[in-house]
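The structure appears right after this line, and notes come after that.
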């Protein structure tokens, strides 16, 4: 499966391809992971999906992310990392 998505953070957005998605996370492909923060919002318009994520691992062009609960994500985005 390949779906167009975007990595949204701090008013910026970076295009990505969603290679794999599950109930708990996703595998994303990007031009470069440089500048992508640990936590961001994954947006997939074709699925009407908007989920807060945390990066679990990075490689040259891929990111493995875990979806966060909304409460945890709100605290993280507000700078209240536990």
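Per-structure values
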item	result
Estimated [θ] at 222 nm from DSSP helical runs (n ≥ 4, -39500 (n - 2.57)) normalised by residues in the chain, nearest 500	-2500 deg cm²/dmol
Cα-Cα P(r), the range 3-77, percent of pairs per 5 Å interval	3, 18, 32, 28, 15, 3, 0
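No lab work stands behind these numbers, since they all come straight from the coordinates. Remember, it's a predicted structure, so these values are computed and weren't measured experimentally.
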